[in-house]
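Accompanying notes for the structure given below.
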Amino acid sequence: MRVGELARRTGTTIRALRYYESAGLVVPRRLGNGYREYDPVAERLVGQIRELTALGLTVEQTRPFVESIAAGADDADVRGAALTAYRNTVDGLQERIRKLTAQRDALDARLVQAGGPAPGSLLGTRLPSLDFYATDGKPVDPGALGPGRSIIFVLPLTGRPDADLAAGPLDIPGARGGSGQSAWFRDHHAELRATGAARVYGLSAQPSGYQRELAHRLRLPYPLIPDPRLTLARELGLPTVAAGAGTGYERLTLIVAGDVVEHVFHPIPEPASHAREVLRWLTKRAAPPPGRRRIPGSTR
């Protein structure tokens, strides 16, 4: 068949066929008049090249597959080359994904820093309706937390006991092995609930598996919310900080009444005493106003 017919049958271009020819993958016969003539197998060869390049392989990486078809080889003859090509392609894609994810996170952080409001200006702001899944497997919608006050303490990146964080997050107070603040809220969880907190959540930019390990290791009585894409930061303008190749949240705590931000703790210079600071704030709000204290035995 002629080059135009092959291009039509395979849905490619004559220019692409010329490239495959120059690479020695699909080589036609030359007729006496100078025209190119392709054997019927060329349609299979071109189809294989297009299929594999669509999966991420380079044209050169398709060579073992194309040559096996041209030679009529059994699949077993090219299995080793195929596995190598597939693995190399997957590794390359993983590296591209890692770099693109880091770029996206860095741009997200720039967006927040450039256009987000200061934490203090969040007072009276309604939380957006978002779909999160906490470490207890239950869905959490910040815009529909339920009646009463909710505490959302936002954490920087944390480390595991068996792995240090990359350079950068270690400069964030409490980041190394950063279980401290989570444990402090755990130790005061019953007091916080008794003083008026209907629910307590922790939130950070780390993925679900990392957060589940932390919740299990510390036996936390409240769920953690993974937000690796910094969705809440973009929606509310929460402050973030560059952390190695990625981005994490700055430490802050939101007191939410219903779905409205009632109070913001930021900055938090002393994380070790922060749970008690939140407890004092709740205690003041729970106390009856001056001059209206209830007299024991009174019905008024």
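The values are calculated or read from the model by the stated rules, or taken from the named source; none is laboratory data. This structure is a prediction, so every number in the text was calculated from the model and none was measured. Cβ atoms come from the backbone with ideal geometry, glycine included; neighbour counts cover every protein chain shown.
Couple of notes before you dig in:
- Scanning region 235-249 for residues that are over 25 Å from Gly148 (Cβ atoms) and either outside the structural domain of Gly146 (by TED's automatic domain parsing) or surrounded by fewer than 18 Cβ atoms within 10 Å (Cβ to Cβ) (or both) gives Ala242, Gly244, Ala245.
- Residue check, Arg50 in contact (Cβ under 8 Å) with a residue 40 or more places away in the chain and outside any loop (DSSP other than H, G, I, E, B): yes
- Selection from region 64-108 of residues that are aliphatic (A, V, I, L, M), at pLDDT below 80 and not assigned by TED's automatic domain parsing to the domain that holds Gly47: Ala102, Ala106, Leu107
This table checks each residue for (1) at pLDDT below 65; (2) farther than 30 Å from Ser129 by Cβ; (3) outside the structural domain of Leu123 (by TED's automatic domain parsing).
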{"residue": "Gly258", "(1), (2), (3)": "no, no, no"}
{"residue": "Val264", "(1), (2), (3)": "no, no, no"}
{"residue": "Arg276", "(1), (2), (3)": "no, yes, no"}
{"residue": "Arg293", "(1), (2), (3)": "yes, yes, yes"}
{"residue": "Pro296", "(1), (2), (3)": "yes, yes, yes"}
{"residue": "Thr299", "(1), (2), (3)": "yes, yes, yes"}
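- Taken over region 192-221, the residue count meeting the criterion of being assigned to a helix (DSSP H, G or I) and over 15 Å from Thr253 (Cβ atoms) is 13.
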